[in-house]
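Please read the structure below before turning to the comments.
The values are calculated or read from the model by the stated rules, or taken from the named source; none is laboratory data. Values in this document were obtained by computation on a predicted structure and should not be read as measured data. Don't worry about glycine lacking a Cβ; one is built from the backbone with ideal geometry, like all the others, and counts go over all protein chains shown.
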Amino acid sequence: MHYILAMDQGTTSSRAIVFDDDVRIHAIAQQEYRQLYPQPGWVEHDPQNIWQSQLAVAQQALVKAGITARDVTAIGITNQRETTLLWDRHTGEPIGNAIVWQDRRTADFCAQLKSQHGQLFRKRTGLLLDPYFSATKLAWLLDHYEGTRKRAENGELAFGTVDTWLLWNLTRGKMHVTDVTNASRTLLFDIHRNRWDDELLDVFNIPAQVLPQVYASSADYGYTAPDLFGASILIGSVAGDQQAALFGQACHAPGMVKNTYGTGCFMLMQTGEHACESQHGLLTTSAAQLDKQPVFALEGSVFICGAVIQWLRDSLSIIKNSAEIETLATSVPDSGGVYFVPAFTGLGSPHWDPHARGAIFGLTRGTTHAHIARAALEAIGYQSAELLLAMQKDAALPIKELRVDGGAAVNNLLMQHQADLLGVPVVRPRIIETTALGTAYLAGLTAGIWNSIEEIAEHWQTDRIFEPMISRDEAAQSMFNWSRVVRGCNPWGRD
């Protein structure tokens, strides 16, 4: 039997899952870590906290599975994307905290660049000039720590997204590498030529010396230092979490769509070798690659999904744990006219408004915790429906179903609401840990456990299908009401 250790480094927790070659889960270990909010709109992580928590859960998972490092054929890494780190090449010490993908501190900088460079970045990277992506965060780090830019130009510093930081630590500094999916989220990578772009680097005044090498998602990333797990283990894959989930959902053919309900909500459509340029607020991004041939996806990004449930738990104390929200929400027949727009860090696709802020509309004296909980769940569905509607407009490809995964995909109320709004079946797989599963598949291909994507697709199994239960007129009216309340969120973010 072959075992694969999937490291799944997320925005709010680090996880590790042990799979075997029949795609059975043998162990899961998870550890939440601190979220840092130094100013409104700023979100940071302690880089050492990221590394230590990920190492700890990986070690725990092996113990839980009753295996040792010598039993593990390969490691796969998947990670929160866009989160930006900078560290000393000689000591490995970070230059400040990691700036998280949700962070909005560079919104004004992006606005200044858009008029002159917006089309250039759109054409080369498939992305919009938005603080969501890594380049403006890296530029901010270089500008705000004294002497940092000079040290970067001298080759003393290393930049990376979270995958690169983990690889650096797993290999004791031997590998300064990323994969195409993470590189494609930096605003510095030409997705059509699969390489860093000097012209884009010049716009941000970022020295090329800080950049990692770029590999395919399924590749030999070296071996872990032997002292970490008791023996060296091959690192066989790296993929950003959403591209890993697309691969784990076996969405290998153009037109197949998945939606991941995690801290944020991310919908990707596989478009194959065609880089579809969106006209409706979506992104063109690199999908997981097995070789040098570029593969693309259309992506819509919702910044706040599961995070709104955490907010109800931690800030409002409406629920004690995340699992309680469905019970509370189903205790009322509907939201009582309440709409909740969780624009805590602005709005992503298709609006791209970093100045929007969260709001709850339609409150009355009869509004209860249950109505707010239901409105929060429905908000996740509304935001995701906006993404699929935009994809239908952009892609000349029929959308037959939506495959779903992530923590909130277990919520039946949300999944039914999603199917009702979309008018297509929502399909939940038997294994919803598809982010970790995707990188496990990619690592298994590197190690020779599986030989083709067709072989991998045979493992995908359905758990439940949610069919639409309301008319298209009702769905259209609901989406119209949602669009009205979203427009009301903008003034709260502006002076």
(request) Output the residues belonging to the range 118-140 that are free of Cβ contacts under 8 Å to residues at least 60 places away in the same chain, surrounded by 24 or more Cβ atoms within 10 Å (Cβ to Cβ) and either in a helix (DSSP H, G or I) or basic (Lys, Arg) (or both). (result) Ser134, Lys137
(message) The conditions are (1) surrounded by fewer than 23 Cβ atoms within 10 Å (Cβ to Cβ); (2) aliphatic (A, V, I, L, M); (3) modelled with pLDDT of 95 or more, and Ile235 fails exactly one of them. Which is it?
(response) (1)
(request) Of the numbered conditions (1) hydroxyl-bearing (Ser, Thr, Tyr); (2) out of contact with any Pro (no Cβ under 8 Å at 6 or more places or on another chain); (3) within 22 Å of Ala408 (Cβ to Cβ); (4) without any contact (Cβ under 8 Å) to a residue 40 or more places away in the chain, Thr439 fails exactly one; give the number of that condition. (result) (4)
(request) Please name all residue pairs, on different chains or six or more residues apart, with Cβ atoms under 7 Å, provided the first residue is in the range 448-473 and is more than 20 Å from Val410 (Cβ to Cβ) and the second residue is in a loop (DSSP other than H, G, I, E, B) and among the basic types (Lys, Arg). (result) none
(message) Can you tell me which residue is nearest to Trp87 (Cα to Cα) among those in the range 1-54 that are in contact (Cβ under 8 Å) with a residue 24 or more places away in the chain and aromatic (Phe, Trp, Tyr)?
(response) Trp51
(message) Test of understanding: among Ala409, Ala443, which residue is at pLDDT 95 or above and either surrounded by fewer than 20 Cβ atoms within 10 Å (Cβ to Cβ) or closer than 17 Å to Ala244 by Cα (or both)?
(response) Ala443
(request) Filter the range 58-104 down to residues that are within 19 Å of the chain's Cα centre (by Cα) and either basic (Lys, Arg) or more than 30 Å from Leu187 (Cα to Cα) (or both) and give me whichever is modelled with the lowest pLDDT. (result) Arg104
(message) Given the condition within 17 Å of the chain's Cα centre (by Cα) and either more than 30 Å from Phe344 (Cβ to Cβ) or assigned to a loop (DSSP other than H, G, I, E, B) (or both), answer yes or no: does some residue in the range 34-48 qualify?
(response) yes
(message) Looking only at the range 60-70, filter to residues that are outside any loop (DSSP other than H, G, I, E, B) and in contact with a Leu (Cβ under 8 Å, 6 or more places away or on another chain); which one of those is surrounded by the fewest Cβ atoms within 10 Å (Cβ to Cβ)?
(response) Ala69
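To keep it simple, each residue is scored yes or no on (1) over 30 Å from Asp405 (Cα atoms); (2) hydroxyl-bearing (Ser, Thr, Tyr).
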position	(1), (2)
Arg195	yes, no
Leu201	yes, no
Asn205	yes, no
Leu211	yes, no
Tyr215	no, yes
Tyr221	no, yes
Pro226	yes, no
Gly230	yes, no
Leu234	no, no
(message) For Leu268, only one of the following conditions fails: (1) modelled with pLDDT of 95 or more; (2) surrounded by 18 or more Cβ atoms within 10 Å (Cβ to Cβ). What is its number?
(response) (1)
(request) Please tell me if Arg172 is more than 16 Å from Ile99 (Cα to Cα) and at pLDDT below 95. (result) no
(request) Among the residues of the range 202-235, write down those that are over 30 Å from Gly66 (Cα atoms) and assigned to a loop (DSSP other than H, G, I, E, B). (result) Asn205, Ile206, Pro207, Leu211, Pro212, Ala216
(request) Taking the residues in the range 342-363 that are surrounded by fewer than 24 Cβ atoms within 10 Å (Cβ to Cβ) and not in a loop (DSSP other than H, G, I, E, B) as candidates, determine which candidate is nearest to the chain's Cα centre (by Cα). (result) Phe344
(message) Only one of Gln289, Gln242 is in a loop (DSSP other than H, G, I, E, B) and either among the polar types (S, T, N, Q) or under 15 Å from the mean Cα position of the chain (by Cα) (or both). Can you tell me which?
(response) Gln289
(request) Please state which of the following conditions Gly366 fails to meet, knowing it meets all the rest: (1) part of a helix (DSSP H, G or I); (2) surrounded by fewer than 23 Cβ atoms within 10 Å (Cβ to Cβ). (result) (1)
(request) Pull up the range 8-24, narrow it to residues that are within 14 Å of the chain's Cα centre (by Cα) and part of a strand (DSSP E or B), then point me to the one that is nearest to Gln60 (Cα to Cα). (result) Ser14
(request) Sort out which residues of the range 297-327 are closer than 16 Å to Leu387 by Cβ, aliphatic (A, V, I, L, M) and part of a loop (DSSP other than H, G, I, E, B), and write them in order of number. (result) Ile304
(message) I'd like the full set of residues that are acidic (Asp, Glu) and under 30 Å from the mean Cα position of the chain (by Cα), limited to the range 462-476.
(response) Asp463, Glu467
(message) Condition first: among the small types (Gly, Ala, Ser) and buried (at least 18 other Cβ atoms within 10 Å of the Cβ). Now tell me which residues in the range 295-322 satisfy that.
(response) Ala297, Gly300, Ser301, Gly306, Ala307
(message) I'd like to check something: does the range 406-413 contain any residue that is part of a helix (DSSP H, G or I) and more than 22 Å from Phe19 (Cα to Cα)?
(response) yes
(message) Take the residues in the range 75-117 that are hydrophobic (A, V, I, L, M, F, W, C) and in a strand (DSSP E or B); name whichever of them is farthest from Asp220 (Cα to Cα).
(response) Ile99
